[in-house]
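A.B. asks: Mind looking over this structure? Questions follow.
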Amino acid sequence: MRWYGKKDGFTLVEMLITVVLSTLVSVMIYTVFISQTQAFRAQADMGSMQQNLRVGMEMLTRDIASAGFGTGHDGGSWGDSGQSGTSSNPVYALNVRENLGGAGPDAVEVFMMDPNRSTWALTDMNVRQACGTSSITFHADYPTAAAQYAATGSRNRIMCFAPSVRGRPASFIWAVNGVGSGQTVPVNSNSQADYLAECPNNLPAMMICGPPVYVAYYIDKNDADGKGIGGPALPVLYYVPDLFAANLAGGYPTVDDIPVALGIEDLQVQVCEPGLGTDCDLASSWSFEHDLSPSSVLWHNLGAVRVMLTARTIRQDENRSSVSTPIDLDSTDTYSVAATADGFHRRVARTEVAIRNAMGTWQVTKGNW
């Protein structure tokens, strides 16, 4: 005899309800997951952008603040400039190249003596050398300084500074010819007219000498030149570590340039000249397209440099098609930015750097400021 009882199970309605609820929960979890993933990506992109902006501004302002260290009364160092066809011109402390290559962003070039004190040496006061000398002789207190120089290598020039020559600071630069040893650095004799005007008879009895530092910063947005990783999709702030070599090779960009920060879209530089009595608190006191020369802007009139950088995220925001538009940092120059929304987040950094070496030159040559 068999007994037939009721069997346990789910009805079709129960199964449908379960499937619907499970689907709703899954959709909610997936939506939260996607939202959190996108938020994390956006925050990571913003953090990376801020870090790149910080690094770029830190390097730029550090070098600009030291511009002109070891240069003469005019912000130049006279003698071998290392630039083909311009050997009679000095290397100047600061040069702003507006709209480098017609691309919009500026480039800034900085020249100084190496601030590392361990590289310095004093010339021998008992050896007063002629302007056309073919060697630089150090004092006996610096027995190893000459060995750091060689015609081939990164220290193939030597720069010497004298605090007062005919009542004003003077600076000279030579190309090294051979390998330094003992207390002597062999150099190519300077005979340029401009150099001889600064050194009419003999070199100063005592000079502070060290390797020169000549660098540049620029924005690479060109992916068609085969140099660097920058392009329209990924603008990059680049550093030129040896502007002497770059100029001899035809100028920068070069394949040896160093990427500093990704996503740096624009660099603009302005200068203020309080030595002319201008007030740097006024917008009208700031100018662009700055170039030091005896007939143009004078070194001792400079007081501050304004640096402006625009950074953008490397990736576009997935959720928003209109995040920000390109930013025109310097509306007074000839570069105009197209205001097109492109889905990138952007940030702007702006700071002003005192040019203390220029102001020190004013105090030396003009008295109290």
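A.B. asks: Of all residues being more than 25 Å from the chain's Cα centre (by Cα) and of a type in the set (A, V, I, L, M) in segment 143-170, which is surrounded by the fewest Cβ atoms within 10 Å (Cβ to Cβ)? Just the residue, please.
C.D. replies: 147
A.B. asks: Looking at segment 79-106 only, could you name the residues that are touching a Gly at 6+ places or on another chain (Cβ under 6 Å), at pLDDT 85 or above and assigned to a loop (DSSP other than H, G, I, E, B)?
C.D. replies: 93
A.B. asks: For residue 146, indicate whether it is aliphatic (A, V, I, L, M) and in a helix (DSSP H, G or I).
C.D. replies: So residue 146 fits the description; yes.
A.B. asks: Of everything in segment 115-132, what is more than 30 Å from residue 310 (Cβ to Cβ), surrounded by fewer than 17 Cβ atoms within 10 Å (Cβ to Cβ) and modelled with pLDDT of 85 or more? Give them in sequence order.
C.D. replies: 116, 117, 118, 119, 122, 130, 132 - these are the residues of segment 115-132 that are more than 30 Å from residue 310 (Cβ to Cβ), surrounded by fewer than 17 Cβ atoms within 10 Å (Cβ to Cβ) and modelled with pLDDT of 85 or more.
A.B. asks: Follow-up. For segment 269-286, give me each residue that is more than 14 Å from residue 330 (Cα to Cα) and without any contact (Cβ under 8 Å) to a residue 12 or more places away in the chain.
C.D. replies: 277, 278, 279, 281, 282, listed by residue number.
A.B. asks: Can you tell which of 269, 307, 260 is within 30 Å of residue 198 (Cβ to Cβ), assigned by TED's automatic domain parsing to the domain that holds residue 330 and within 15 Å of the chain's Cα centre (by Cα)? Talk me through it step by step, then tell me what you get.
C.D. replies: Numbers: 307 fails: within 30 Å of residue 198 (Cβ to Cβ); 260 fails: within 30 Å of residue 198 (Cβ to Cβ).
Just one listed residue meets the conditions, 269.
A.B. asks: I'm trying to understand the selection: among the residues of segment 149-194, which are of a type in the set (S, T, N, Q), part of a strand (DSSP E or B) and out of contact with any strand residue (DSSP E or B) (no Cβ under 7 Å at 6 or more places or on another chain)?
C.D. replies: Residues satisfying the conditions are 164, 181.
A.B. asks: If you take the residues in segment 302-317 that are in contact with a Phe, Trp or Tyr (Cβ under 9 Å, 6 or more places away or on another chain) and surrounded by fewer than 22 Cβ atoms within 10 Å (Cβ to Cβ), which one is nearest to residue 42 (Cα to Cα)?
C.D. replies: Residue satisfying both the conditions and the ranking: 317.
A.B. asks: If we scan segment 239-247, do we find a residue that is farther than 27 Å from residue 154 by Cα and crowded, with 16+ Cβ neighbours inside 10 Å?
C.D. replies: No - not one qualifying residue is present in segment 239-247.
A.B. asks: Follow-up question, since we're still on this one. What is the number of the single condition among (1) surrounded by fewer than 14 Cβ atoms within 10 Å (Cβ to Cβ); (2) part of a strand (DSSP E or B) that residue 216 does not meet?
C.D. replies: (1)
A.B. asks: Inspect segment 342-353 for any residue being under 30 Å from residue 78 (Cα atoms) and at pLDDT 80 or above and give the result as yes or no.
C.D. replies: yes
A.B. asks: If we keep just the residues of segment 65-83 that are within 13 Å of the chain's Cα centre (by Cα) and surrounded by fewer than 22 Cβ atoms within 10 Å (Cβ to Cβ), which is nearest to residue 323 (Cα to Cα)?
C.D. replies: 65
A.B. asks: Now for a different question. Could you grab me the full set of residues in segment 202-224 that are polar (S, T, N, Q) and either modelled with pLDDT under 85 or not assigned by TED's automatic domain parsing to the domain that holds residue 162 (or both)?
C.D. replies: Of everything in segment 202-224, just one residue is polar (S, T, N, Q) and either modelled with pLDDT under 85 or not assigned by TED's automatic domain parsing to the domain that holds residue 162 (or both), namely 222.
The values are calculated or read from the model by the stated rules, or taken from the named source; none is laboratory data. Nothing here was measured: the structure is a model prediction, and the numbers come from that model. Cβ sites come from the backbone with ideal geometry, for glycine too, and all protein chains shown count toward neighbours.
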